[in-house]
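Q: Below is one structure. I have some questions about it.
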Amino acid sequence: MQLDSTIVGISTASGLGAIAIVRLSGVRALEITLTLSQRSTLTPRHATLSYVYNNSSKPIDQVILLYFKAPHSYSGEDICEIHCHGGAVCARLVVERALELGAVCARSGEFTKRAFLNGRIDLAQAQAIAELINAQSASAAQILVRQLQGEVSAFVEQVRERLIELLAYSEANIDYSEDLDEDTTLAMDQRIESLHHLLEVVRRDSMHRVGVIEGFRLCIVGKPNVGKSSLLNALVAFDRAIISPVAGTTRDTIEESLYVHGTLVRLIDTAGIRHSEDHIEQIGIERSLAAMESSNIIIALFDSSRALDSEDYAILEILEAKRDAWVLIVLNKSDMPSALSAHDRAVLKRCFDGLERKASVEILEISSKCGKDKAFAHLSPHKILDAIAQILEHTEQDDALILSSSYQITQIETTLEALTQARDKLQSGELELFSYHINEAISAISAISKPYEYGEMLDAMFGTFCLGK
């Protein structure tokens, strides 16, 4: 699909830099570029040193011109790139001149949209491009490059083909559903079960490793005055949060970012979780609980200089209900005499052992205030970073297929639901409804990469069965 207009936009980030790239795409891209440069021709894929001129034939800048002839370009259309000197002026003047010559301003993502419409990439690859630009770690970039190469698209195509085979078989036998033998029904049921397991594994892995793509969110939680803000300051190495001996000083979440082994981790200091009649503090506590729900890693901080109380037990109950986040249990103020009883430590250990996702380290003992004192070097809070690094290493250690967006995960979930319903209808012998739900599954999984066409099922059906013979 070709679009009539020729679009122009600056493809490099704004600000000072050595080079700024102006890109044109469309049927008049070459014509406008030749007029800009007062040249008669450009050789495809050859860099050409030239000047570009304004409407008074005065030079705007000395540039490098590149011409990519359709369909062998990013968008599938004629594309011209004008490599100007960087800064705020030259590229803008080139764009203004291109607009005078008939180009229109490109909207956000329009070059990639045209690449999709012209069949150069599918939806999964388009999403990978958008995510790659915003990648927060080297691991995320590696996953997204695999998707750009077609990893997700190939997976979707594999699932589509298996679903289309099921649909074709159902459509061919829909008039004879009462005559289907048990072996045939069992074989189809096993195919659905196998597909369901495959999709569920991808969904679960993607949910557990979403932090690799989006950057990890790490939430520090605990009751008031256990040292959450002191720990945040120690980890980021400056006084980011206000510290006070008054319980409830932190009323809202405070966020800061740091890189751990090349991966972006967003630290969130939360208001102390406890029962409070203070309306403002209640809002802060609600935000703390919301931060826990959206975090990939939770540091549960306890004060070892005080015995566990009802507020600590309430936090332990919340932790036991968390299934998707990694949890670190940390005892702060370990430079002071411990007030934790053997029973308290057993309760913490039992909670730690019962967590579904935890680092390989045991419960950590630290002192967020004394980490730099040689006498308390073994209590340095920076060993928390080592534990976080272990979690990150665990999430990045294999090459499993990972979906990079909530949209893709939602489509997988819709496919799983449709398969469950189809299986129920198969077992009850209702092939018409079985086909309906398989169609739903095909539409849902196909929406990740490209729309499903009913003709594909017809091709599979007539290519496999000799109907009417």
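The values are calculated or read from the model by the stated rules, or taken from the named source; none is laboratory data. Source: prediction; values computed, not measured. Cβ coordinates were reconstructed from backbone atoms using ideal geometry, including for glycine residues, and neighbour counts include every protein chain displayed.
Q: Quick test for you: out of E100, E96, pick the one residue that is under 16 Å from I21 (Cα atoms) and either at pLDDT 90 or above or touching a His at 6+ places or on another chain (Cβ under 7 Å) (or both).
A: Answer to the selection: E96.
Q: Scan segment 108-129 and give yes if some residue there is buried (at least 20 other Cβ atoms within 10 Å of the Cβ), out of contact with any strand residue (DSSP E or B) (no Cβ under 9 Å at 6 or more places or on another chain), part of a loop (DSSP other than H, G, I, E, B) and without any contact (Cβ under 8 Å) to a residue 60 or more places away in the chain, otherwise no.
A: Checked segment 108-129: at least one residue is buried (at least 20 other Cβ atoms within 10 Å of the Cβ), out of contact with any strand residue (DSSP E or B) (no Cβ under 9 Å at 6 or more places or on another chain), part of a loop (DSSP other than H, G, I, E, B) and without any contact (Cβ under 8 Å) to a residue 60 or more places away in the chain.
Q: Now a separate question. Applying the selection to segment 421-431, what residues are part of a loop (DSSP other than H, G, I, E, B) and of a type in the set (G, A, S)?
A: Matches in segment 421-431: S428, G429.
Q: Pairs please, first residue from segment 396-413 and under 19 Å from S137 (Cβ atoms) and of a type in the set (G, A, S), second anywhere and at pLDDT below 75 and surrounded by 13 or more Cβ atoms within 10 Å (Cβ to Cβ), Cβ atoms under 9 Å, 6+ apart in sequence or on different chains.
A: The qualifying pairs are A400/R209; S404/V210; S404/I213; S404/E214; S405/I213; S406/V210.
Q: Return only the number of the condition from (1) in the same structural domain as K450 (by TED's automatic domain parsing); (2) over 30 Å from V63 (Cβ atoms); (3) surrounded by 18 or more Cβ atoms within 10 Å (Cβ to Cβ) that L148 does not satisfy.
A: L148 satisfies all of (1) in the same structural domain as K450 (by TED's automatic domain parsing); (2) over 30 Å from V63 (Cβ atoms); (3) surrounded by 18 or more Cβ atoms within 10 Å (Cβ to Cβ) except (2).
Q: Sticking with this structure for a sec: Look at I19 and say whether it is touching a residue at least 24 places away in the same chain (Cβ under 8 Å), farther than 20 Å from A115 by Cα and within 31 Å of the chain's Cα centre (by Cα).
A: Yes; evaluated as a whole, the condition is true for this residue.
Q: Being within 12 Å of S367 (Cβ to Cβ) and surrounded by fewer than 21 Cβ atoms within 10 Å (Cβ to Cβ) is the filter here; which residues of segment 301-333 pass it?
A: Of everything in segment 301-333, just one residue is within 12 Å of S367 (Cβ to Cβ) and surrounded by fewer than 21 Cβ atoms within 10 Å (Cβ to Cβ), namely S305.
Q: Considering every residue within segment 144-156, establish whether at least one is of a type in the set (K, R), more than 14 Å from L426 (Cα to Cα) and at pLDDT below 90.
A: yes
Q: I need the full set of residues from segment 393-420 which are at pLDDT below 70 and part of a loop (DSSP other than H, G, I, E, B), in order please.
A: If the condition is that a residue be at pLDDT below 70 and part of a loop (DSSP other than H, G, I, E, B), then E396, Q397, D398, D399 are the ones that fit.
Q: Scanning segment 1-60 for residues that are part of a loop (DSSP other than H, G, I, E, B) and among the β-branched types (V, I, T), which turns out nearest to P71 (Cα to Cα)?
A: Taking the candidates together, the pick is V27.
Q: Determine whether S170 is surrounded by 16 or more Cβ atoms within 10 Å (Cβ to Cβ), over 25 Å from A20 (Cα atoms) and either more than 22 Å from the chain's Cα centre (by Cα) or without any contact (Cβ under 8 Å) to a residue 40 or more places away in the chain (or both).
A: Yes; evaluated as a whole, the condition is true for this residue.
Q: Looking only at segment 370-392, count how many residues are surrounded by fewer than 16 Cβ atoms within 10 Å (Cβ to Cβ) and modelled with pLDDT under 75.
A: 7
Q: Still on this model: Go through segment 32-50 and report how many residues are without any contact (Cβ under 8 Å) to a residue 24 or more places away in the chain and crowded, with 16+ Cβ neighbours inside 10 Å.
A: Looking only at that region, the number is 2.
Q: Additional query: Note down all Cβ pairs under 8 Å where the first residue falls in segment 72-92 and is more than 12 Å from V8 (Cβ to Cβ), the second is assigned to a strand (DSSP E or B) and among the polar types (S, T, N, Q), and they're at least six residues apart or on different chains.
A: Close Cβ pairs satisfying both conditions: S73/S25; Y74/S25; S75/S25; E77/S25; D78/S25; H85/Q62.
Q: For G76, indicate whether it is assigned to a strand (DSSP E or B), crowded, with 20+ Cβ neighbours inside 10 Å and at pLDDT below 95.
A: When the stated conditions are applied, G76 does not pass them.
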